[in-house]
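What follows is calculated from the coordinates using simple rules that are stated; it is not laboratory data. In this text, all values refer to a predicted model and were calculated from it rather than measured experimentally. Virtual Cβ from ideal backbone geometry, glycine too; neighbours counted across all protein chains shown.
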Amino acid sequence: MSNPTGSTDLHGNAPDHAPVVLLIIDAINDLAFEEGREVLGKAIRMAHKIRLLKARARRVGIPAIYVNDNFGRWRSDFRTVVAHCGRSRSRGREGTRLLRPDSFDYFVLKPKHSGFFSTTLELLLEHLQARTLILCGLLTDVCVLFTAQDAYMRGYRIVVPADCVVARTPAEGTRALAHMHRVLEADTRPSTHLQLSARARSRGHADRIKRVAKGRRTIRRAVA
């Protein structure tokens, strides 16, 4: 991708070149939809799985991009969305708190189902030179599926770990995963079966994250 500014660094924390990227789709969610109460238990279990997958991914230099609905709040930013979904009265507060993003993470707010529609996601992925996308989140048959289809049309390799996505019903989730596996050639094995280090192909990104984290610890100790 051409870079007219000459900048090779987006914000100095997360890797700025990554062949594999983790997309966490609508996992920061207040679950304030009709079937939200029924989805809640599954969403919490999913959040634990994504949290583990994200930690594994970070160790091998795979960055996370939170691709999140703005819930029709056009004046909000991502921090406002996280605060809204994590508040004590939110049905989705536990999942939000488990997956609360940090300064290593990227984020994109989306207005519709697909993470690509009217967002900066495609530009960010081009900057990262990503080729493989690991999609997690909810709902399997809606926003995850729409994003996967748009990614496939753009030539990305797609991974959708079956234990890191949730649908309103098991049947809807099964159908959506089967469709993505058959039509989009997606790898839908559980997250525990993914060989992330082989996919990342490089330790350079992980080494950079470790250096940044070490520097921050040093600064904290100096300030203390």
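Assorted remarks:
- FRET efficiency, E122 to R100 (Cβ-Cβ, R0 35 Å, nearest 0.05): 0.85
- Residue-wise HN-Hα coupling along the range 105-116, computed from phi with Karplus coefficients 6.51, -1.76, 1.60 (Hz; x: Gly, Pro): 8, 9, 8, 9, 8, 10, x, 10, 5, 7, x, 8
- For the range 22-62, backbone nitrogen atoms closer than 15 Å to the point 7 Å from R93 Cα along Cα-to-C-beta are found at 29-32.
- Efficiency of FRET from Cβ geometry, H48 and Q195, R₀ 25 Å, rounded to 0.05: 0.75
- Taking the Cα centre of the range 20-223 as reference, the dipole from Cβ charges on Lys and Arg (+1) and Asp and Glu (-1) amounts to some 1280 debye.
- Global size of the range 39-126 as Cα Rg and Dmax, reported in angstrom: 13.4, 38
- Built amide H within the under 5 Å cut-off of F107, gap 5+: Y66
- Net length gained if the chain between A171 and A55 were fully extended (0.36 nm per residue, minus Cα distance): 38.8 nm
- Between V165 and G137, the built amide H atoms are under 5 Å apart, and every one of these is 5 or more places off in sequence or on another chain.
- Note on H17 and R131: the model spin-label points, each 7 Å out from Cα along the C-beta direction, lie 1.3 nm apart.
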